[in-house]
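Inspection log for the structure reproduced underneath, given as structure tokens.
Taken together, the values in this text are just the output of simple stated rules run on the coordinates, not laboratory data. Every value quoted in this text rests on a predicted model; they were computed, and no experiment measured them. Cβ placement follows ideal geometry from the backbone for every residue including glycine, while neighbour counts extend to all protein chains displayed.
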Amino acid sequence: MSTDLNRLADPTACHDAVDISGEPASRLAAYFEKMLLIRKAEERLAIGRRDGLIGGPVHLGAGQEAIAVGVSNALRATDRIFGAHRSHSHLLAMGSSLHGLFAEVLGKETGLSRGMGGSMHLWDQPRGFYGSVPIVAGTVSLAVGAAMAARMQASDDVGVAYFGDGAIEEGVVHESLNLAKVTRAPVLFVCENNLFASHMHISLRQPKDSTARFAVANDIPHRIVDGNDVVSVAKAASELVTAARQGSGPGFLEAVTFRWYGHVDWREDIDVGVHRSVDELENWRARDPIKRLRQAMLQAGCWSDRQEDDLIGKLDQQVEAAWEQALADPYPDSSALLDRVYARG
Ligand SMILES: Cc1ncc(C[n+]2csc(CCOP(=O)(O)OP(=O)(O)O)c2C)c(N)n1
Ligand SMILES: [Mg+2]
């Protein structure tokens, strides 16, 4: 397990095109489009924050798109998905509206949480996204509860908890793993191990760099994958989700990746601390999940520059239209400030 993790965490390794053998071209094109859409949305938000148009902090996930897109391939709108502070990708990968996300981040009435939540309080239950909160690990136990509820309701829906390598240091994650196992809750734990919690590298916080060892400790089946390889992520997620739907209990996916921006907002190096160097970042940029899929598709002859130009044109237009609309939308009325916060007598 450790050797595998070390290889995946090495920024100079795993630069090759992803292995797409046996994958239908239509599915690959869909992965590509979703990852590119998420990348462009994150870049748009980065610029909006830089230019002072966004009032609150944004935690951007550029570089990590393959995880949400690969995992979501195994999910459906009736599943119960929970995220955290860096969850734009989790939401968009389920097909949420760009406009709803942008409007929320801008604090507009038309936002997914009616402008009351911002980037870290996202919600889109009709698409399976039950919510995200900034409290690190705060939603992990909720995903277990939602999974238990799904089973009591005799459905084969699953709970999903996305969290980071930093969240694994919260006690509630260990309680959640334990409870999920003993109750055989149909939940997928997805640890996006980007090797950092804020500015601290995992080697300064943990005796070992794998988070999946806590799944082993709880006798939960796990996979450790290259989080910048959408096909590997999708295959592993599909196996674990299928088993959970069939009643085998929880699964744990550790996807190793890296975020391109700093911990929060648009600067790459705002929180560069120990162990995060410009060289390392450049190596991780070269491991771009979108570029590696593109390379494989071009080599296999199932993608062309022309198709890509058309797609880029379409997505740029979508992103700009959603952003302009969100900017023009109204803020909530101040009389609504306490609605949905405190019960009214
Ligand atoms: C309970 C709690 N403790 C501390 C924080 C401050 N905080 C916000 S994000 C973060 C780091 C989280 O790292 P990780 O889980 O690896 O997620 P990543 O930011 O890498 O995506 C911390 C310590 C918080 N929001 N909640
Ligand atoms: Mg992290």
Rounded, prolate or oblate: which one fits the stretch 151-191, using the alpha carbon gyration tensor with axes a ≥ b ≥ c (rounded when a/c is under 1.5, else prolate when a/b beats b/c, else oblate)? oblate
Connecting C-alpha atoms closer than 10 Å in a GNM of the chain, tell me which of TYR331, TYR31, TYR130 has the biggest fluctuation. TYR331
Do the sum for the chain: with -39,500 (n - 2.57) for every DSSP H run of n ≥ 4, divided by all residues, what is the mean residue ellipticity at 222 nm, to the nearest 500 deg cm²/dmol? -13500 deg cm²/dmol
In 10 Å bins starting at zero, report the fraction of Cα pairs in the stretch 306-345 per bin as a rounded %. 24, 24, 21, 17, 12, 3, 0
With a cut-off of 8 Å between alpha carbons and a minimum separation of six or more residues, what is the relative contact order of the chain in percent? 24 percent
Column: log10 I(q)/I(0), Debye, Cα scatterers of the stretch 56-201, q = 0.17 Å⁻¹: -0.92
Compute the orientation-averaged projected area for the stretch 93-173 from the convex hull of its Cα atoms and round it to one decimal in nm². 5.9 nm²
In Å and whole numbers, how far do the C-alpha atoms of the stretch 1-66 stretch along each principal axis, longest first? 43, 34, 17
So what's the stretch 196-345 giving for Rg/Rh, alpha carbon basis, Kirkwood Rh from the mean inverse pair distance? 1.07
The chain: proportion of alpha-carbon pairs further apart than 34 angstrom, %: 21 percent
Would you mind calculating the gained length between ASP333 and ILE135 on full extension (0.36 nm times residue separation, minus the Cα-Cα distance), in nm to one decimal? 68.6 nm
Once each part is reduced to its C-alpha centroid, what is the distance from the stretch 177-205 to the stretch 241-258 in angstrom? 12 Å
What is the sum of charges around ALA103, taking Lys and Arg as +1, Asp and Glu as -1, for the other residues whose C-beta is under 10 Å from the C-beta of ALA103? -1
Specify the inter-centroid distance of the stretch 104-164 and the stretch 312-327, based on alpha-carbon positions, in whole Å. 25 Å
Tell me, what is the percent relative contact order of the stretch 173-249, built from C-alpha pairs under 8 Å that lie six or more residues apart? 42 percent
Over 22 Å between Cα atoms, which of LYS291/LYS314; LYS34/LYS181; LYS40/LYS291; LYS235/LYS291; LYS108/LYS314 qualify? LYS34/LYS181; LYS108/LYS314
